[in-house]
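To keep things clear, I will list the structure first and then write my remarks on it.
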């Protein structure tokens, strides 16, 4: 059986925003991305690295291929594929990532980490035949240890 996919958004998962956070010694770093400052969670990189043994990671972000340009060396991760959002129509009330992510995932189990789920995302996850887990994050905190624990438990139940 293929490893489950781990679809990872960047903004609000790795790139933190929405609070008064500043770069710190405890796991964040200010990084310019195309001239725009991003507060990058180095802890999220370490956590994603641990998950890569269980999951096949894919960037599911508007950053698309830009994620591989900036993040692997910064976070200590290998480059990974990305979902191309320009190939799928954006359906009326559906979240803008759904069509492309559904096409990319196909008939594989998928866990999706994002800070911006809407009702259509949860409906999609419920409708899918394949195991699907949505992992919501808070944009000022990003990927936390509890998310990793939940993802590892979910993947273990698939075996």
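Among (1) 17.0, 50; (2) 14.5, 40; (3) 15.0, 44, which is the computed Rg and Dmax of the Cα atoms in Å? Read-out from the structure maps to (3).
Placing dummy labels 7 Å off each Cα toward the beta-carbon, the span from residue 46 to residue 17 is 2.6 nm. Panel order for 13, 36, 83, by other beta carbons found within 10 Å of each beta carbon, from fewest to most: 36, 83, 13. Full extension of the chain segment joining residue 34 with residue 140 gains 36.1 nm, where the gain is 0.36 nm per residue of separation less the Cα-Cα distance. Among 140, 147, a tally of other beta-carbon atoms within 10 Å of each Cβ gives an order, fewest to most, of 140, 147. DSSP beta bridges confined to the chain are antiparallel in about 40 percent of cases. Dividing the mean sequence gap of close Cα pairs (under 8 Å, 6+ apart) by how many residues the chain holds gives a relative contact order of 31 percent.
Helix-only arithmetic for the chain: the sum of -39500 (n - 2.57) across DSSP H runs with n ≥ 4, divided by the residue total, places the mean residue ellipticity at 222 nm at -9500 deg cm²/dmol.
Each of 61, 73 has some number of other Cβ atoms within 10 Å of its Cβ, and from fewest to most they run 73, 61.
Bear in mind that the values in this text are calculations on the coordinates, not laboratory data. Remember, it's a predicted structure, so these values are computed and weren't measured experimentally. Please note: Cβ atoms are built from the backbone with ideal geometry, for glycine as well, and neighbour counts cover all protein chains shown.
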